[in-house]
Amino acid sequence: MHTPNHANPANPDPSQTVSVHSTDAHAEVAPGDIAVGVVIGRTSEYFDFFVYGIASALVFPSVFFSFAGRLEGTLYAFVLFSFAFIVRPLGTLAGMEIQRRFGRGTKLTAALFLMGCSTAGMALLPGYATWGAWAIGLLALFRVGQGLAMGASWDGLPSLLALNAPEHRRGWYAMLAQLGAPLGFLVAGGLFAYLWGSLDSNDFLSWGWRYPFYAAFAINVVALFARLRLVLTHEYERELNERELEPCNARELFSRQGDNIVVGAFAALASYALFHIVTVFPLSWILLYSDQVIGEFLTVQIVGALLAAAAMPVSGMVADRIGRRSTLSLLAVLIGVFSLFAPLLLDGGVLGQDLFILVGFVLLGLSYGQASGAATVNFLPKFRYTGAALTSDFAWLIGAAFAPLVALGLSARFGLIAVTAYLLSGCVCTLLALRISRTLGARE
């Protein structure tokens with residue numbers, strides 16, 4: 001039976017009070033409680049990023065790059081899209097220094113405040129027609145703010161969840177840390193679908209697109225308090241300290257275990273490459289080269305996000321049976337096979353495009369569910385906290401940051417075979433990195 005956190009006022013027996021405090025002092029944090037904090041935190045972060053990603057395809061070419069053609073304007077928007085991923089490792093290092101000096105709570109508060117203000121600030125920006133290049137410059141600055149905040153918001157809960165998970169259910173608990181992605185897209189895509197379908201084009205581009213950005217600030221406030229309530233409790237602080245989940249010296253980390261960061265970043269590259277190929281890139285392609293209604297296509301993507309969320313528990317069960325590395329290897333092969341049919345599906349009318357989205361989201365859920373920490377188990381305990389954060393940062397940078405830009409730019413020039421080439425390159429990198437990771441793990 002769970003012991004209450006306070007003595008019963010009706011029974012002031014000192015011995016009972018001592019027993020309660022003693023039990024409380026040695027209470028352990030259940031993996032399920034950690035999972036709640038992880039899901040809440042990741043959902044709010046992914047919502048912010050998907051709001052920006054969707055707007056990069058649907059809004060920014062017309063509002064901030066109206067001086068260029070539709071294709072060129074979208075490519076410019078995707079260049080800015082990549083900025084957040086480029087600076088994310090710097091945000092992680094800055095956050096580690098803030099945590100070392102002022103504590104985990106201060107770091108998390110500052111990071112989510114910066115994230116919320118950057119996202120809400122975008123909603124207040126006039127377009128290029130009003131402010132010219134200043135509007136683009138400020139949009140880029142806010143995007144950099146998002147990236148710095150994303151890196152600095154690392155709280156160590158995914159690593160703590162992995163370490164506290166039962167031996168036979170590590171794949172399941174690893175999946176829980178990734179559920180924020182489809183949930184974040186579900187909310188962001190739903191908002192944009194509603195606004196796109198409810199407003200005419202002028203109203204949507206004038207003010208309608210701004211509401212999801214305002215909502216992001218409110219969601220960040222709720223997520224901040226939820227995460228602080230978990231992370232700053234005595235039990236969590238003790239668990240994090242006992243597991244050595246504290247910042248380490250970055251120079252020492254790179255000199256002693258930098259190879260683990262590189263291998264870990266490439267180990268899930270197939271999943272990260274697929275991530276924006278089924279979320280952000282298709283919106284731009286449909287808008288530019290298809291007759292399908294964007295509102296209906298967003299609805300299909302929302303269904304896809306639900307399928308991805310449903311596929312993630314399956315990935316956990318599979319990983320617990322055959323291992324996480326074997327699961328990622330299998331999914332890399334399946335993503336490679338899927339990539340061969342990508343041009344046929346995307347050029348196959350409404351039915352083909354919808355199938356591309358639905359199948360792609362299922363594969364994304366299965367692969368991304370196990371993408372976190374597949375190689376970070378090779379880190380020494382003192383390096384795991386910072387190493388896991390930087391591994392994730394570089395995985396996003398290498399695999400996902402430029403995916404919409406490269407896929408759209410090359411497809412517009414050479415055809416949709418470019419999507420196949422991009423996904424296949426990620427699959428090959430994943431298979432090679434997982435093989436190297438297994439070798440490194442055997443040596444340590």
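The values are calculated or read from the model by the stated rules, or taken from the named source; none is laboratory data. Just so it is clear, the model here is predicted, and its values are computed rather than measured. Using ideal geometry, Cβ is built from the backbone for each residue, glycine included, and neighbour counts are taken over all protein chains shown. When the accessible area is computed, the model is the full protein with side chains, heavy atoms only, and any ligands, DNA or RNA have been set aside. Shrake-Rupley method; radii C 1.70, N 1.55, O 1.52, S 1.80 Å.
Structure values in brief
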read-out	value
Residue ID - most open to solvent (accessible area, probe 1.4 Å), chosen from residues in the range 263-291 that are of a type outside the set (G, A, S) and outside any helix (DSSP H, G or I)	D291
Some residue of the range 257-276 being within 30 Å of L346 (Cα to Cα) and touching an Asp or Glu at 6+ places or on another chain (Cβ under 6 Å)	no
Among (1) out of contact with any Phe, Trp or Tyr (no Cβ under 9 Å at 6 or more places or on another chain); (2) assigned to a helix (DSSP H, G or I), the one test that V406 misses	(1)
Lone qualifier among A226, A218 - being open to solvent by 20 Å² or more (accessible area, probe 1.4 Å), touching a residue at least 12 places away in the same chain (Cβ under 8 Å), of a type in the set (G, A, S) and in a helix (DSSP H, G or I)	A226
Options S372, S315, S367, S326; residue that is in a helix (DSSP H, G or I), out of contact with any Gly (no Cβ under 6 Å at 6 or more places or on another chain), surrounded by 17 or more Cβ atoms within 10 Å (Cβ to Cβ) and small (G, A, S)	S367
Long-range neighbours under 9 Å by Cβ, at least six apart or interchain, first residue farther than 17 Å from R143 by Cβ and open to solvent by less than 20 Å² (accessible area, probe 1.4 Å) within the range 107-122, second modelled with pLDDT under 90 and among the aliphatic types (A, V, I, L, M)	L108/L224; L108/L228; L108/V231; L108/L232
Condition met for L157 (open to solvent by 10 Å² or more (accessible area, probe 1.4 Å), farther than 16 Å from L366 by Cα and hydrophobic (A, V, I, L, M, F, W, C))	no
Breaking point among (1) open to solvent by less than 10 Å² (accessible area, probe 1.4 Å); (2) in contact with a Ser or Thr (Cβ under 8 Å, 6 or more places away or on another chain); (3) of a type in the set (A, V, I, L, M, F, W, C), for A129	(1)
Residues of the range 242-262 satisfying the condition of being touching a Lys or Arg at 6+ places or on another chain (Cβ under 8 Å) and either assigned to a helix (DSSP H, G or I) or of a type in the set (A, V, I, L, M) (or both)	L245
Breaking point among (1) open to solvent by 20 Å² or more (accessible area, probe 1.4 Å); (2) touching a Lys or Arg at 6+ places or on another chain (Cβ under 9 Å); (3) not aliphatic (A, V, I, L, M), for T43	(2)
Any chance A342 is closer than 30 Å to R438 by Cβ, of a type in the set (A, V, I, L, M) and touching a Lys or Arg at 6+ places or on another chain (Cβ under 9 Å)	no
L345, sole failed condition from (1) open to solvent by less than 10 Å² (accessible area, probe 1.4 Å); (2) over 19 Å from A265 (Cβ atoms)	(1)
Only one of L75, L58 that is out of contact with any strand residue (DSSP E or B) (no Cβ under 9 Å at 6 or more places or on another chain), open to solvent by 10 Å² or more (accessible area, probe 1.4 Å) and in contact (Cβ under 8 Å) with a residue 12 or more places away in the chain	L75
Residues that are over 18 Å from the mean Cα position of the chain (by Cα) and touching a residue at least 40 places away in the same chain (Cβ under 8 Å), drawn from the range 130-159	A135, I136, L139, A140
